[in-house]
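K.L.:
Please see the structure below; I have some questions.
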Amino acid sequence: MAKKEKSEYLIQAVSHALDLLEQFHGETDELGVTELSKRLKLHKNNVFRLLATLEARGYIEQNRVTENYRLGLKTLELGQTFIRQMGLLRQSKPVLEALVKECNETTYVAILKDFNIIYLDAVETDMTVRVVPRVGSRLPAYCTAAGKVQIAYMSDEELENYLPPKEIKRYTKNTVTDRDLLKKQLKTIADQGYAIDNEELDVGVKCVSAPIRDYTRRIIGAVSISGPSMRFTDERMDKELIPLVTKAAQEISSKLGFQ
């Protein structure tokens, strides 16, 4: 029996779904059913069914204000998985190691997932008093430096997806739980390009973080320096740690193709 070409095994509905996802590229953020129907040359009813299926799985979401559609968080999750497997960890490891040699504090690389950050890798300091690495742990984005520096660049609507749906939990007396105050803080972070966790998650622990971008200019992670608050004085933050962490983030971003 003759060997069949792979094209003979293609499932048309799956192909149409992928064609639909690929319409969201470049500067295209949102598209309506009518526009998608024209682009895909499919009946509106077929497009709607594709959208409904993709939305149910989290690959597409609807803007309730405009009623248009945009990529869902599931696509970001897949993209981050690819980055993690193919580039981010490999490129960040030597930078983290060099960073520890310069400041002798524990360094991390972290990504966003759902409402939290996940530390993917860490390089420890040899100091006796140190922060215990939390690789693989899920920590709230709104009260960690690595989380705040990533959600700071989101729109107000996107930000709502990364804030707890109800009351913002307080972990320490420094945790910012007022939504308006938090958004104001995030705007400052976006303007300055780095974030500080001033004992907002754990008492006695401070952290400074800067965003990592890839070749598409998207923020796909963050690099952080963390340690006991007694060593993270304001003067040391300004003169040493902030310049070091921003330089490290720029170096990793450059390795990932960011210009």
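The values are calculated or read from the model by the stated rules, or taken from the named source; none is laboratory data. Keep in mind that this is a model prediction, so the values were computed, not measured. Cβ atoms come from the backbone with ideal geometry, glycine included; neighbour counts cover every protein chain shown. Heavy atoms of the whole protein, side chains included, go into the accessibility calculation; ligands, DNA and RNA do not. Shrake-Rupley method; radii C 1.70, N 1.55, O 1.52, S 1.80 Å.
K.L.:
Rounded, prolate or oblate: pick one for region 141-259, where a ≥ b ≥ c are the square roots of the eigenvalues of its C-alpha gyration tensor, a/c under 1.5 means rounded, and failing that, prolate if a/b is larger than b/c, else oblate.
P.N.:
Details: a/c = 2.18, a/b = 1.11, b/c = 1.96.
Taking the square roots of the gyration eigenvalues as a ≥ b ≥ c, region 141-259 is oblate.
K.L.:
Whole number please: convex hull volume per residue of the Cα set in the chain, in Å³? All intermediate terms of the calculation are to be shown ahead of the outcome.
P.N.:
Numbers: hull volume 42.9 nm³, N = 259.
In the chain, the Cα hull volume divided by residue count equals 166 Å³.
K.L.:
Can you list the residues, at least 5 places off or on another chain, whose amide H is less than 5 Å from the amide H of Asn68, using H built in the peptide plane?
P.N.:
Under 5 Å from the amide H of Asn68 lie the amide H atoms of Asn63, each far enough along the sequence or on another chain.
K.L.:
Quick one: if you stick a label point 7 Å off each Cα along the C-beta vector at Gln259 and Met230, how many nm between them?
P.N.:
Roughly 4.9 nm, to one decimal.
K.L.:
Report the calculated FRET efficiency for Arg90 and Glu35 (r = Cβ-Cβ distance, R0 = 30 Å), to the nearest 0.05.
P.N.:
Between Arg90 and Glu35 the formula returns 0.15.
K.L.:
Once the piece of chain linking Thr172 and Thr53 is laid out straight, how much longer is it, given 0.36 nm per residue of separation minus the C-alpha distance between them? Present the calculation step by step, with values, prior to reporting the outcome.
P.N.:
Numbers: separation 119, 0.36 × 119 = 42.84 nm, distance 4.18 nm.
Extra length available between Thr172 and Thr53 comes to 38.7 nm.
K.L.:
Taking amide H positions as placed 1.01 Å from N in the peptide plane, with prolines and chain starts having none, which residues 5 or more places from Ser229, or on another chain, fall under 5 Å of its amide H?
P.N.:
It is Val205, Lys206, by chain and number.
K.L.:
Turning to a different aspect of this structure: Exceeding 22 Å between C-alpha atoms, which entries from my cross-link table qualify? They are Lys148/Lys187; Lys113/Lys169; Lys93/Lys184. Working shown, then result.
P.N.:
On the way: Lys148/Lys187 10 Å; Lys113/Lys169 18 Å; Lys93/Lys184 33 Å.
Long pairs (Cα-Cα over 22 Å): Lys93/Lys184.
K.L.:
Now a separate question. Roll a 1.4 Å probe over the protein chains and send me the accessible area per residue for the chain in Å².
P.N.:
On the way: 14700 Å² over 259 residues.
Solvent-accessible surface per residue comes out at 57 Å².
K.L.:
How far apart, in nanometres, would the label points at Val65 and Tyr215 be if each is projected 7 angstrom from Cα along the Cα-to-Cβ direction?
P.N.:
Spacing of the two 7 Å Cα→Cβ label points: 3.3 nm.
K.L.:
How high is the relative contact order of the chain, in percent, counting Cα pairs under 8 Å that sit 6 or more residues apart?
P.N.:
Numbers: 408 pairs, mean separation 38.7, N = 259.
Relative contact order, the chain: 15 percent.
K.L.:
Taking a spot 7 Å from the Cα of Glu157 along the direction of its beta carbon, which residues of region 33-62 have an amide N less than 14 Å from it?
P.N.:
Inside the label zone: 33, 61-62.
K.L.:
Sorted by average packing, counted as other Cβ atoms within 10 angstrom per residue and highest first, what order do 145-152, 70-77 take?
P.N.:
Values: 145-152: 27.1, 70-77: 16.8.
The peptides rank, most packed first, as 145-152, 70-77.
K.L.:
Measure off, as a whole percent, the carbon and sulfur share of the 1.4 Å-probe accessible area of the chain, all protein chains present. Show your work: numbers first, answer last.
P.N.:
Working: 7490 of 14700 Å².
Taking all protein chains in place, the chain shows 51 percent carbon and sulfur surface.
K.L.:
Can you give the FRET efficiency for His43 and Lys74, using 1/(1 + (r/R0)^6), R0 = 35 Å, r = Cβ-Cβ distance, to the nearest 0.05? Provide the component values of the computation, followed by the final result.
P.N.:
Working: r = 25 Å, r/R0 = 0.73.
For His43 and Lys74, the calculated efficiency is 0.85.
K.L.:
Moving on. Projected onto the charge dipole of the chain (+1 at Lys/Arg Cβ, -1 at Asp/Glu Cβ, origin at the Cα centre), which of Asn104, Thr125, Gly79 gives the Cα projection farthest towards the positive end?
P.N.:
Ranked along the dipole, the leading option is Gly79.
K.L.:
Size of the dipole of the chain about the Cα centre, Lys and Arg at +1 and Asp and Glu at -1 on the beta carbon, nothing else charged, in debye to 20?
P.N.:
Details: 38 positive and 37 negative charges, 138 e Å.
I would put it at about 660 debye.
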